[in-house]
Structure formats: C-alpha cells, structure tokens
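Below is one structure; the comments refer to it alone.
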Amino acid sequence: MNAAAPPRATTREWLGLAVLALPTVVIALSMTVLNLAVPSLSADLKPDGTQLLWIIDIYGFLIAGLLITMGTIGDRIGRRKLLVIGGGRPSVPLPSWRRCRPASRC
C-alpha cells in the first residue's frame, strides 16, 4: 500500500498564516504590558478590587465584542475586503500625526 504524501504548504500560505497570527501576538503582548502596569495603575488610581478587575478585564471584553462585530461585517461585505480595509486603516492618520508636536494639542 503506497500512500501519497499530503501536499506541503507553499510560501504564500505560510505568509498568510503569519499575517493572520500577528494580531494574536500583538493582543497577547498588550495584555502582558497591561498586567505589568497593574502595580503602577494601582498606586496612581487607588482602585478597589472591583475597579481593578474592570481595568484588567475591559480590554478582553472589548476585543471579544469587536471580534463578533467584525465577523458580522465580514459576512456582509466580504472577509477579504474587510481584511484589506483593516490593514489599510492604520496608515490613514499618519499625515496628521506628523504635524503634532509632543507638548501641543493637534
């Protein structure tokens, strides 16, 4: 019995996986930064236990809510179009950021 080897993934498929996995790494990194900032936040804001829990958990709730919302929008307008819009969105405000000075309001 000679079983055929399964097809190997191409470079394009690996690149697509890396592009789609990058936001997961960014979310995990930002959650780590938030957890490292908890002592400083606690010292500055002096929250009680419930408020501190909301400070930590609201980011996860926001990401989960946006995930559901963007999934629905992706079903309506197309996932590829939404991915292109989402990928191009961060580059839109860059010209206005260039005008800003650190100590001034823009």
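Here, each number is a calculation from the coordinates, and none is a lab measurement. Predicted model, so just to flag it, every value in this text is computed and none were measured. FYI the Cβ positions are ideal-geometry reconstructions off the backbone, even for glycines, and counts take in every protein chain you see.
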Residues being farther than 20 Å from residue 86 by Cα, of a type in the set (A, V, I, L, M, F, W, C) and free of Cβ contacts under 8 Å to residues at least 12 places away in the same chain: count how many of those fall in segment 15-58. 8
Scanning segment 1-20 for residues that are surrounded by fewer than 10 Cβ atoms within 10 Å (Cβ to Cβ) and aliphatic (A, V, I, L, M), the one farthest from residue 79 (Cα to Cα) turns out to be 1
